[in-house]
Structures are given as structure tokens and as C-alpha cells.
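Coordinate-derived values only; no laboratory data. It should be emphasised that the depicted structure is a prediction, and the values quoted were computed from it without experimental measurement. Here Cβ is always computed from backbone atoms with ideal geometry, including for glycine, and neighbour counts include all displayed protein chains.
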Ligand code: URP
Ligand code: ZN
Ligand code: ZN
């Protein structure tokens, strides 16, 4: 029996803030107690005076080793989960990918093989359905039984991941019957492809045109359509990486009707903009992702949506591609730039900066980064909070320390930082995963293989 005690900190969860000591035994939280009002003894004691004691972050949207545009996302499960831990995230949910003409089973097995024995922190898997058909629809209940309870569909990328409206409706009907959650990449792909072709024909090849052709209205239109299809099917819906205020308005309208419609946004949409996409000398390629970055004036709507609960989750959509050799594939043709940004290490700090800047309260920070994603994807209260019985995934967070985000110091396997040179207030000091110390005051103590697969229950908001 190993006991760890964290003393003197301010425990912050989505529900409350209180000065409390945290007693951990055999990998789970045993008790929280008023400082000085207990006689707990432990082999290991952390003094968290002046610090926050928070649940480890839960990032429910990452893509380690994702095949995209003829290359692969540059973080493996080993490097990506190590970087996540450095940033105070102790759970990820990544996406297994069904290849066209293959089964969901084959895709899931392949992703299990990539992750098994390599992760520093616990992980779950969603399933990307690239081909909705009779056979793959029949496979869905089996996957749910194995704890893969959420399925991502794409209204974008015709010929690759794209599903048409009929396929989407069928998958949603199956979700309604089985309790699965459909995650939607909501952009009108066929219309975008027309605009891409026309832009390239006009000689508009720079990264900034990626943002121009992937219009906010085409995100909003697809979001509206996804909501209506989910209504027809009687299924819940989770819209991923919302970036446009017009798309958010569709979610808000659906939620005002009482529909089980949920949404996430990502730090890049809150902190970056089309100004970054327009950086000269092809530097804008570093910011190419889909949905794309929007003009700065969309950010206020996203922050408001997070405060009003029209958006429930902030995940990273961590999908890193190196500038050299990967983003460069799209020099002279923005449509060939691999889509995705690194960020799994930065999310907790950037969202704490939002607390410092007055966009969010401390409890809302923990809600959108830990508790709500855990609830959304069937992991609560094992993950996402600090309560007796929860996994001891704990972060001691120094709210006053400052540091500067940079590729020179980050741990993600990518040669640039999307937030290069940005100084943030707040820093992870110590990270525990199921009671084991993964990180302490700048020393990494984790190991590949500590992280275990998390079979998940269905969405806990339904
Ligand atoms: O640009 C992005 N978001 N890349 C990852 C794939 C996806 O659509 O989430
Ligand atoms: Zn997507
Ligand atoms: Zn993604």
C-alpha cells in the first residue's frame, strides 16, 4: 500500500474550490480533508502551498500518427502522451481510423497496436468511420461493448473521410439505437472543393487561401444540416473543432430547443486567427488546420459560448506536422498542406491564461478542460475530478509562475510552436497519473507503458 499526501493547496474542481489536503492510496484518491484537521501519514508528501491542486487534463481530441495528405502526424503515442503530461494532461482520447474498404475492427486493432505499451498517460479511442455501409454499421455495437463509444464522421474531405447525408443519417440512426455519440466534422466538403479548384485556377496558392475557401458559412451550413439529421435520427450530436461564430449560433439555437447537441472548440481558435495564416514566406502553413482559423472577431463569440455552455469542451485537435518536410508539401498549392496543429502540451496553460485574462473562472477552466470532456465521453468521475474513488490523476499547478511557449523548450515532436514566444502565467509543477509521479519540478519521471487503455461508457450528459 503506497500513500501520497498533497498538502496546503487550493483544490479546484468544476464544482468547487477549497483549501484541502488530498490523500492518495494505491492510485486513487482516498480522501480530501481540511488542512490541519486530520492525522494522515504517507510515504510521500508534496507541499502545494500557494498552488492549485487540480484534476489532470482530459483532452478528448488528439491524432497521434494520423495518416493525412501522404504523410503522418509527427507525434507517436509515446512522444505525444509524454508531451501531454508535461502540459498537465493525464488522459487523451485519440481517433482510430477505418481505412476505406476495411473494417472498423481492422482500424481499431491497428490503433490499439500503435498505442499499446507506449503511452505515458491513460488513453481512450474514438473511431473515425471513413466508409459507412451495412457492414460497418453492424460493427458499431461491438465497438461500444469494447469501450469505443463515439464515432467521428466527416462532412468534409470528399474521397477520403467524407460521408454523404444518407450515410450520416444511417450512422446517426444506429447511434440513436445503441447509445453511441456521433462526433461531426462539420464543413461542406464538396462546396469547399469547388472553391479550392477555383482559387488555385486564379493562382491563389498561399496558405491564407486555405482560410478563405473554407468559409464560415460552409461550416455553419454543415453544422445546421448535422443538427437536423441528428433530430431526424433522434440521436445526440457532438460537433468537433467549432471555429466560426455562425456555426456556434447553429449550436446555440439547437440547444435552445433543448436538443442533445454539444460542441467543442480548441485553443487555436481562441488564441490564433487568419492573421497567422497570412504570415509571409509560407510561415502561414504552420496554422493550416480544418476547420480553419477565423478572423479575430470570431473569438469573442467562442469565449462567450464557453461561458454560457453553448460550448462544453476545449480539446486540442492535436495533429502536428513539422514545417520542414511536411507542411512544405503544400508550397505552391495550399490544398496540399497537411491539416493540423500541435497543441496537446499547451492547452491547460492557455486556458489558465484565459482565467488570468478574465475570459473564464477557475472552475470553468477545470470544467471545460477536465470534467466536461470526461462526462461527455463516459470517463467521469474516474477522470476529470478529484473525489474519493477517482483515479489519482492530479496536477499541482503554480498559478503565478510565468513561462514562454517555444519549440525550443516544448516536448511535442514537431519543429515549431503555434504559440512561439507567447508568455503565459501559470505552470504545471507536478503531475501524478494513477498516483505515480510522471513529472516533478521540471523532471520527467514517466515511462511508456504506464498509460492504460480506458474502455469508456456512453455519454453521461444524456
Ligand atoms: O486540421 C485538422 N483538424 N486535422 C485533423 C483532422 C481533423 O479533421 O480533425
Ligand atoms: Zn475534423
Ligand atoms: Zn481532429
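Show log10 I(q)/I(0) for segment 41-102 at q = 0.18 Å⁻¹, two decimals, from a solvent-free Debye sum over equal Cα scatterers. For segment 41-102, the Cα-only Debye profile gives -0.77. Along its three principal directions, the equivalent ellipsoid of segment 144-183 from the Cα gyration tensor extends over semi-axes of 20, 12, 6 Å, largest first.
Full extension of the chain between residue 113 and residue 257 gives 47.6 nm of extra length, using 0.36 nm per residue less the Cα-Cα distance. Working from the Cα coordinates of segment 277-375, the gyration tensor eigenvalues give, after taking √(5λ), semi-axes of 29, 14, 12 Å in decreasing order.
Note on residue 31 and residue 336: the extension gain reaches 104.6 nm, defined as 0.36 nm multiplied by sequence separation minus the Cα-Cα distance. Helical content of the chain, expressed as a calculated mean residue ellipticity at 222 nm, amounts to -8500 deg cm²/dmol (DSSP H runs of 4 or more residues, -39,500 (n - 2.57) each, divided by residue number, nearest 500).
Report the FRET efficiency, 1/(1 + (r/R0)^6), for residue 297 and residue 176, where r is their Cβ-Cβ distance and R0 is 41 Å, rounded to 0.05.
0.65
Summary of packing: across the peptides 439-446, 364-371, the per-residue average of other C-beta atoms within 10 Å ranks them, highest first, as 364-371, 439-446.
Binning all Cα-Cα separations of segment 183-289 at 10 Å, short to long from zero, yields these whole-percent fractions: 15, 41, 30, 13, 2. The mean sequence separation of alpha-carbon pairs under 8 Å and at least six residues apart, normalised by the residue count of the chain, gives a relative contact order of 22 percent.
Using 15 Å as the cut-off for backbone N distance, which residues of segment 200-238 belong to the label zone defined by a point 7 Å from the Cα of residue 71 along Cα→Cβ? In segment 200-238, the label zone of residue 71 (backbone N under 15 Å from the point 7 Å along Cα→Cβ) covers 207. From the P(r) of segment 421-461, can you give the percent of Cα pairs sitting at distances over 16 Å? Cα-Cα pairs of segment 421-461 separated by over 16 Å account for 58 percent.
Kindly rank 193-201, 242-250, 6-14 from highest to lowest mean number of other beta carbons found within 10 Å of each residue.
242-250, 6-14, 193-201
Derived value for segment 375-428: Kirkwood hydrodynamic radius 13.7 Å. Basis is the mean of 1/r over every pair of different alpha-carbon atoms. Quick one: Debye curve from the C-alpha atoms of segment 1-65, no solvent, what's log10 I(q)/I(0) at q = 0.27, 0.28 Å⁻¹? Calculated log10 I(q)/I(0) at the listed q: -1.22, -1.29. Dimensions of segment 31-169 based on its C-alpha atoms, expressed as ranges along the principal axes with the largest first, amount to 62, 31, 26 Å. With the simple model of a label 7 Å out from the Cα in the direction of the Cβ, residue 100 to residue 462 spans 2.9 nm. The calculated FRET efficiency for the pair residue 307 and residue 420, based on their C-beta separation and a Förster distance of 25 Å, comes to about 0.35. Remark: the chain projects, on average over all directions, an area of 20.0 nm² (convex hull of Cα atoms). Using 1/(1 + (r/R0)^6) with R0 = 35 angstrom and r between the beta carbons of residue 283 and residue 403, what's the FRET efficiency to the nearest 0.05? Rounded to the nearest 0.05, the efficiency is 0.90.
Stretching the chain fully between residue 324 and residue 135 yields a gain of 64.0 nm (0.36 nm per residue, less the alpha carbon separation). The modelled label-to-label distance between residue 198 and residue 232, using points 7 Å beyond Cα along the C-beta direction, is 2.7 nm. Projection of the Cα convex hull of segment 321-445, averaged over all directions and equal to a quarter of that hull's surface, yields 9.6 nm². Computed packing ranks the peptides 429-436, 164-171 as 429-436, 164-171, most packed first, by mean other Cβ atoms within 10 Å. Under 19 Å from the 7 Å Cα→Cβ point of residue 205, by amide nitrogen: which residues of segment 268-287? Of the residues in segment 268-287, 278-287 have backbone N under 19 Å from the label point off residue 205.
Dividing the convex hull volume of the alpha carbon atoms of segment 279-331 by its residue count gives 84 Å³ per residue.
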